[in-house]
Amino acid sequence: MARVRHPSPQTAAVLVALAENGEDWSHGYDLCRTLGLKAGTVYPILIRLAERGHVETSWETDPPRGRPARHLYRLTTAGAELARAVAAAARAAEAAPAPGPAALAPRTA
C-alpha cells in the first residue's frame, strides 16, 4: 500500500505561490520575499518539487548586465494539479470546525 505524504506548510505555500503566477516564471528570491521564508527553506523545496516533476526549471536567458543569470521556476501540469489539491485541502481544513473539549477528552469504556 502506497503511503500518502502530505506536503509541509512551507511546501504548500510554495506550490500555491507558484500556482498564483500561472504559467509565468518565478525567481526563488521573489518566492522567499513573498512567502517570508528563508532561502535555505525555499530552494530545497523547489529542488524536491523539480525532482518529482512538479516544477520545471530554466535559466534566465537575458540577465541584466553585471548580474548573473537566475534560475526560474514554474509549475508543470502535475504540479498545478498538486497545488489545486493542496489549496482545496487547506480550504477544507479552515472550514472544518475545531474539535471541542469533548472530542479531545480520553474515552472511558
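The values are calculated or read from the model by the stated rules, or taken from the named source; none is laboratory data. Only a predicted model underlies this, so the values are computations on that prediction, with no experimental measurement involved. Positions of Cβ are backbone-derived with ideal geometry, glycine not excepted, and every protein chain shown enters the neighbour counts. Ligands, DNA and RNA are excluded from the accessible area calculation, which covers all protein heavy atoms including side chains. Shrake-Rupley method; radii C 1.70, N 1.55, O 1.52, S 1.80 Å.
Quick notes on this structure:
- When residues of region 74-109 are limited to those that are assigned to a helix (DSSP H, G or I) and open to solvent by 100 Å² or more (accessible area, probe 1.4 Å), the one modelled with the lowest pLDDT: LEU104
- Considering region 1-22, and only residues there that are touching a Lys or Arg at 6+ places or on another chain (Cβ under 9 Å) and polar (S, T, N, Q), the residue that is surrounded by the fewest Cβ atoms within 10 Å (Cβ to Cβ) turns out to be ASN21.
- Near pairs, Cβ below 9 angstrom, 6+ apart or cross-chain, from region 79-98 (more than 19 Å from ASN21 (Cβ to Cβ)) to any residue that is at pLDDT below 90: ALA89/HIS6
- Out of TRP59, TRP25, sole residue that is open to solvent by 40 Å² or more (accessible area, probe 1.4 Å) and over 18 Å from ALA80 (Cβ atoms): TRP59
- Members of region 28-40 that are surrounded by fewer than 17 Cβ atoms within 10 Å (Cβ to Cβ) and either closer than 20 Å to THR76 by Cα or within 11 Å of the chain's Cα centre (by Cα) (or both): TYR29, ASP30, LEU35
- Evaluation of HIS71 against (1) open to solvent by 30 Å² or more (accessible area, probe 1.4 Å); (2) at pLDDT 95 or above; (3) touching a Ser or Thr at 6+ places or on another chain (Cβ under 7 Å) (one fails), failing number: (2)
- Looking across region 45-82, the residues that are of a type in the set (Ser, Thr, Tyr) and out of contact with any Lys or Arg (no Cβ under 9 Å at 6 or more places or on another chain) come down to THR61, TYR73, THR76, THR77.
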